[in-house]
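S.K.: I'd like to ask you about the structure that follows.
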Amino acid sequence: MSKHTSLNGVNFEEKEFPFTDADFHFIQTLVAERTGIVLSDIKRTMVYSRIARRIRQCGVSDFTEYCNLLKAGDESELVSFTNAITTNLTSFFREPHHFEYLAKTVLPELEKNNSNKRLRIWSAGCSSGEEPYSIAMTIMDHFRGKPDWDIKILASDLDYEMVERASKGVYKEERVTGLDKKHLRNYVKKGKGKLEGMVKMDQRLIDMITFKQLNLLHEWPFKGPFDFMFCRNVVIYFNKDTQRELFDRYADVLPENAPLFIGHSESLFKVTNRFKSMGQTIYRKDK
């Protein structure tokens with residue numbers, strides 16, 4: 001294999017920073033070790049664009065020098081590196097059929113069956129927070145006028161910067177253009193002064209959610225149980241063995257029949273037999 005690879009018409013020798021096979025293979029290995037994410041060769045262009053930004057910010061000369069910085073064990077840069085690689089694409093009420101099922105089926109069931117009026121939910125891989133805030137809005141819609149319910153959402157993500165940003169509940173106005181008028185009126189406040197052009201989530205939603213930085217492959221500082229959980233567009237970056245381990249651990253913190261929502265391109269087929277499919281990437285804990 002040549003020192004500088006041309007992939008899908010991209011010649012990495014001719015770009016701003018030369019990107020050798022050795023550099024890419026080191027990054028692949030490091031990402032797998034730190035996050036469990038498996039970067040295939042077709043992700044090389046994506047890796048280049050994201051790490052090139054870090055090279056400029058760190059003031060090093062090329063990918064090889066940047067990789068040496070990571071090899072030296074600079075923990076601060078290792079965190080920034082991990083944050084740069086992980087994908088954070090999301091939107092409010094993404095995959096709306098999940099929230100429709102939550103509103104029409106899951107929440108009525110839980111209200112009927114939970115005599116202790118206590119609900120615990122986990123949004124795993126929450127990114128910049130749109131998912132847990134969408135869950136919170138759906139819950140607020142259903143339990144409006146019932147303040148005696150104790151409802152908490154745990155929202156976790158590998159990316160510390162995303163967690164910090166999400167915990168503030170502040171977004172650019174353009175991020176909420178897809179919300180319907182009811183949700184905008186009830187849960188979104190227009191920013192003023194320094195927050196001109198921004199919006200902020202209603203404080204009731206912010207108070208319902210606890211945001212935490214969490215590596216899913218490490219030990220979890222909780223045991224559950226959760227009444228339902230979302231883990232969408234997270235496991236697509238893991239190999240099958242890691243997926244099996246992860247979904248087995250999810251099953252351990254969910255009671256029987258608890259719903260699990262996964263991403264539109266994900267499946268539990270030949271990954272685990274501990275969940276039964278309800279269709280449309282919605283599962284229930286089976287055993």
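S.K.: Principal axes first, then extents: for the Cα atoms of segment 106-164, list largest minus smallest coordinate on each axis, whole Å, largest first.
M.R.: Sorted from largest, the Cα extents of segment 106-164 read 37, 18, 18 Å.
S.K.: Under the rule of at least 5 residues apart or a separate chain, name every residue whose amide H is placed under 5 Å from the amide H of PHE238.
M.R.: Amide H to amide H, under 5 Å and 5 or more residues apart or across chains, PHE238 pairs with VAL38.
S.K.: Can you give me the long-range amide H partners of CYS126? Hydrogens built in the peptide plane at 1.01 Å from N, cutoff under 5 Å, separation of 5 or more residues or another chain.
M.R.: SER156, ASP157
S.K.: Right, here's the next one. Given HIS218, CYS58, PHE99, which one lies farthest toward the positive end of the charge dipole of the chain, if we put +1 on the Cβ of every Lys and Arg and -1 on the Cβ of every Asp and Glu?
M.R.: PHE99
S.K.: Compute, for the chain, the length of the dipole vector about the Cα centre, with Cβ point charges of +1 (Lys, Arg) and -1 (Asp, Glu) only. Units Debye, rounded to 20.
M.R.: 1140 debye
S.K.: Please list, in order along segment 226-237, the HN-Hα scalar couplings obtained from phi with the Karplus expression 6.51 cos²θ - 1.76 cosθ + 1.60 (θ = phi - 60°), rounded to whole Hz, x for Gly and Pro.
M.R.: 10, 6, 6, 8, 10, 9, 10, 6, 10, 6, 4, 8
S.K.: Given the -39500 (n - 2.57) contribution per DSSP H run of 4+ residues, what per-residue ellipticity at 222 nm results for the chain, rounded to the nearest 500 deg cm²/dmol?
M.R.: After summing the helix terms and dividing by residue count, I get -11500 deg cm²/dmol.
S.K.: With the chain treated as a Gaussian network of Cα nodes joined by springs under 10 Å, which of ALA155, ALA22, ALA124 yields the largest mean-square fluctuation?
M.R.: Highest fluctuation among the options: ALA22.
S.K.: Continuing with this model, one more query. Rounded to the nearest 5, what is the percent of antiparallel bridges among the DSSP beta bridges in segment 96-285?
M.R.: 40 percent
S.K.: If R₀ is 51 angstrom, what is the calculated FRET efficiency for the pair GLU16 and LYS190, using the beta carbon separation as r and rounding to 0.05?
M.R.: 0.80
S.K.: Counting Lys +1, Arg +1, Asp -1, Glu -1, what net charge surrounds TRP122 among other residues with beta carbon under 14 Å of its beta carbon?
M.R.: +3
S.K.: Something else now. With a ≥ b ≥ c the root eigenvalues of the C-alpha gyration tensor of segment 6-85, is it rounded (a/c under 1.5), prolate (a/b larger than b/c) or oblate?
M.R.: oblate
S.K.: Filter LYS117/LYS276; LYS146/LYS182; LYS182/LYS270 down to the pairs with a C-alpha to C-alpha distance above 30 Å, please.
M.R.: Correct reply: LYS182/LYS270.
S.K.: Out of these labelled values of Rg/Rh (Cα atoms, Kirkwood Rh), (i) 1.01; (ii) 1.07; (iii) 0.94, which was calculated from the coordinates shown here?
M.R.: Answer by label: (i).
S.K.: Please list 3J(HN,Hα) in residue order for segment 274-279, calculated via the Karplus relation 6.51 cos²θ - 1.76 cosθ + 1.60 where θ = phi - 60°; whole Hz, with x for glycine and proline.
M.R.: Result, rounded to whole Hz: 8, 10, 10, 7, 9, x.
S.K.: Ok, one more. Taking the Cα centre of each part, how many Å lie between segment 142-159 and segment 210-287?
M.R.: So the separation of the two Cα centres works out to 19 Å.
S.K.: From the phi of every residue in segment 106-119, what ³J(HN,Hα) in whole Hz does the Karplus formula 6.51 cos²θ - 1.76 cosθ + 1.60 yield, where θ is phi - 60° and glycine or proline is x?
M.R.: 5, 5, x, 4, 5, 4, 6, 9, 9, 5, 7, 6, 9, 10
Just so you know, all these numbers are worked out from the coordinates, no wet-lab data involved. Since the structure is predicted, the reported quantities are computational estimates derived from the model, not experimental observations. No Cβ is skipped: glycine too gets one built from the backbone with ideal geometry, and neighbour counts run over all protein chains shown.
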